[in-house]
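Right, one structure below, let's go through it.
The values are calculated or read from the model by the stated rules, or taken from the named source; none is laboratory data. Just so it is clear, the model here is predicted, and its values are computed rather than measured. Please note: Cβ atoms are built from the backbone with ideal geometry, for glycine as well, and neighbour counts cover all protein chains shown.
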Amino acid sequence: MGTPAESSSERLLRELAARQGVEPTPDDLAAVAAFLEVLLPQLGVLGERLEAAET
Amino acid sequence: MSVAELAGRLRAGELSPREAVLCYLDRIETTRELNAYLHVDAELALAEAERAPRGPLFGVPVAVKDVIDVAGMPTTAASAILHRVAERDASAVARLRAAGAVVLGKLNTHEFAFGATTTSPHFGPARNPWSPDRIAGGSSGGSGVAAAADLAAGTLGTDTAGSIRIPACLCGVTGLRPSTGLVPTDGVEPVSRTLDTVGPIARSAADCSLLLEALAPGYGPQLDGGVEGLRIGVVEALFDRAQPAVAGLAEAAVGELGAAGARVSRSAIPLLEESGTILQAVMLPEAAEAHLERLRTRLRDYGPDVRTRLLAGLLLPATAHVSDERGRRRFQAELDRVLGEFDLLALPAMPVVAPPIGEETVELRGERLLYRLALIPFNSPWALAGLPVASIPCGFVDGLPVGLALVGRRLDEATVLRAAHAYQRETDWHERRPPDLPSHAESRIQTANPRRGG
């Protein structure tokens, strides 16, 4: 069950963690979500750059 | 005193290994507030001193980052989770001991070597000897402090994404990240199995070279070759990004190499920005994999920053892994092409001087950035490509050390250390000692020779 203040991305992260046997707290999930908010767009740009470089 | 000079005096019998160990133990005791060591084993070190093999490092006292196993000593990784007394030496330690080195103890580190500040919530921060309210850098922060404050003649650190070069730079000493795979990593608590390296942090390039000779039998030093004709590419984008005073000192250091005969010109590194992202996508899942069982059972026992990074690695989408593999291959190919034109690349080792302990952001060119993000482009690219990199002291800003990084071709540590040594023959930044510390171990060593009435 999610907590009332849990965002959809945090819920997804919690479910992914649970499938691997790991149980982060809401605070952990908020910190991870903030971390990934920076990294995931960079990975998106990277994918585009690699596509462009290889075509 | 340099490793070479100390080793020479020990070999000549002017000083015994026991006397050398006692001098360092005394100094460690008087500088405990720096928190460089997590474990000092005087009894073991003195016993080892009595039976040290007569190799090139005969009797030389060294210290080892506490993620690397030393037989009979605890490995904690500055964590609340790990506490194993190692049954055997890591290969790197065994090689130093076989060369005659004596291990004094284990050095502070960022928790599990997974961060760049060495401010473990469980063991406290390693303090920068140049300004104890500032970080020593990390993750091999204790190694940087011990080398700078003369708490060991030489040290071992590990470097996954900058962890040797960052503390070497911020503490004003010399550090070498060897090519990935050159020095064995067995017996080392892993961060990222495809990126981890073990290497020396010591006073000078010559000292690092002596330690590397023991660590990597394939390494052939060429220290006295000079830099005449060496082609050095200046990574201009990183000079433009560092704090101006820091960039200015690094630029002056490159100028010295040019004056000594190197051919210096500008270099552009394709995918430089993206390389940090690629490295994160490699390192984070590998670290999570290494810690998976502990994440399941001991999650609450990690410090908050390390816990967040490990969970991020656990939860990164699989598409990140696809990008990292493609990106890594592409970046390595691009760097190979650049290093076809240059023998070395030069850049500021860090964009800033050591920040205060607890400060998470730094100011760069009018912008406040997270410290951990600001240093990525200076350290990650070369780690991702598995290249050797040295950080050498090149001056001070507001009394705090600044470093120049020299990047070489894969397995060409000889050229990196040759250029570093050439620079250090012309300058004395690496000889400078932090102020306000008790008199140095070497001053005791100068006189410690009871057999000769010294």
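So here's what we get for this one:
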{"read-out": "Those residues of the stretch B:292-346 which are hydroxyl-bearing (Ser, Thr, Tyr) and facing chain A (nearest Cβ under 8 Å), in sequence order", "value": "B:308, B:319, B:323"}
{"read-out": "Any hit, the stretch A:17-34, residues being farther than 16 Å from residue B:296 by Cβ, outside any loop (DSSP other than H, G, I, E, B), within 7 Å of chain B (Cβ to nearest Cβ) and touching a Gly at 6+ places or on another chain (Cβ under 9 Å)", "value": "no"}
{"read-out": "Residue match in the stretch B:77-91 (condition: modelled with pLDDT of 95 or more and at positive phi)", "value": "yes"}
{"read-out": "Candidate set from the stretch B:309-349 (those that are part of a loop (DSSP other than H, G, I, E, B) and hydrophobic (A, V, I, L, M, F, W, C)); member that is nearest to residue A:11 (Cα to Cα)", "value": "B:316"}
{"read-out": "All positions within the stretch B:28-55 that are closer than 25 Å to residue B:209 by Cα and crowded, with 17+ Cβ neighbours inside 10 Å", "value": "B:28, B:36, B:37, B:45, B:48, B:49, B:52, B:55"}
{"read-out": "Lone qualifier among B:276, B:258 - being within 14 Å of chain A (Cβ to nearest Cβ) and either on the phi < 0 side of the Ramachandran plot or touching a residue at least 40 places away in the same chain (Cβ under 8 Å) (or both)", "value": "B:276"}
{"read-out": "Residues of the stretch A:46-55 classified as surrounded by 13 or more Cβ atoms within 10 Å (Cβ to Cβ) and either in contact with a Lys or Arg (Cβ under 6 Å, 6 or more places away or on another chain) or more than 7 Å from every other protein chain (Cβ to nearest Cβ) (or both), total", "value": "1"}
{"read-out": "Among (1) among the charged types (D, E, K, R); (2) under 18 Å from residue B:195 (Cβ atoms); (3) touching an Asp or Glu at 6+ places or on another chain (Cβ under 6 Å), the one test that residue B:266 misses", "value": "(2)"}
